[in-house]
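**Q** Quick one: the structure is below, questions incoming.
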């Protein structure tokens, strides 16, 4: 039988606070949606950073969060679409672009890619 945990979510983009009850065997995002909470998401499979949060307190389990490096996970970032609560939690939504930059910025830090350069034609 599943244990339930209270999840306090601060949606920074809308400056809204939500409280939801989530079983430890269900994804947090899906459970929150079932309780009428609308949070940002995109892929629903842990590959992007749209549903990223910062865990301010509590314990989360996210074995399928391939969109976040282990380094960012250790810094307290999580993806709600593939996260399970392991305790009561307080989380805060993040700006997708900020998390993406933290995740991939070092790879794209050399400037913007130029598009539309003419090809050499023989």
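Quick note: the coordinates plus some simple rules give every number you see, no bench work behind them. Note that this is a predicted model, so its numbers are computed, not measured. Positions of Cβ are generated from backbone atoms using ideal geometry, with glycine treated the same way; all protein chains shown enter the neighbour counts.
**Q** Taking the stretch 85-101, which residues are touching a residue at least 12 places away in the same chain (Cβ under 8 Å) and over 12 Å from the mean Cα position of the chain (by Cα)?
**A** Filtering the stretch 85-101 for residues touching a residue at least 12 places away in the same chain (Cβ under 8 Å) gives 85-96, 99-100.
Hits for the stretch 85-101 are 85, 86, 87, 88, 89, 90.
**Q** What number goes with the only condition from (1) surrounded by 13 or more Cβ atoms within 10 Å (Cβ to Cβ); (2) assigned to a loop (DSSP other than H, G, I, E, B); (3) touching a residue at least 60 places away in the same chain (Cβ under 8 Å) that residue 13 does not pass?
**A** Unmet condition: (1).
**Q** While we're here: Counting only residues that are part of a loop (DSSP other than H, G, I, E, B) and touching a strand residue (DSSP E or B) at 6+ places or on another chain (Cβ under 8 Å), how many does the stretch 26-36 have?
**A** Residues flagged as part of a loop (DSSP other than H, G, I, E, B) and touching a strand residue (DSSP E or B) at 6+ places or on another chain (Cβ under 8 Å) within the stretch 26-36 amount to 3.
**Q** For the stretch 42-53, how many residues are over 17 Å from residue 98 (Cβ atoms) and either crowded, with 18+ Cβ neighbours inside 10 Å or touching a strand residue (DSSP E or B) at 6+ places or on another chain (Cβ under 7 Å) (or both)?
**A** Adding up the residues that qualify gives 1.
**Q** Assigned to a helix (DSSP H, G or I), in contact with a strand residue (DSSP E or B) (Cβ under 9 Å, 6 or more places away or on another chain) and within 24 Å of residue 101 (Cβ to Cβ): which single residue out of 68, 56, 72, 39 fits that description?
**A** Values: 68 fails: assigned to a helix (DSSP H, G or I); 56 fails: assigned to a helix (DSSP H, G or I); 39 fails: assigned to a helix (DSSP H, G or I).
Only one candidate passes the filter, namely 72.
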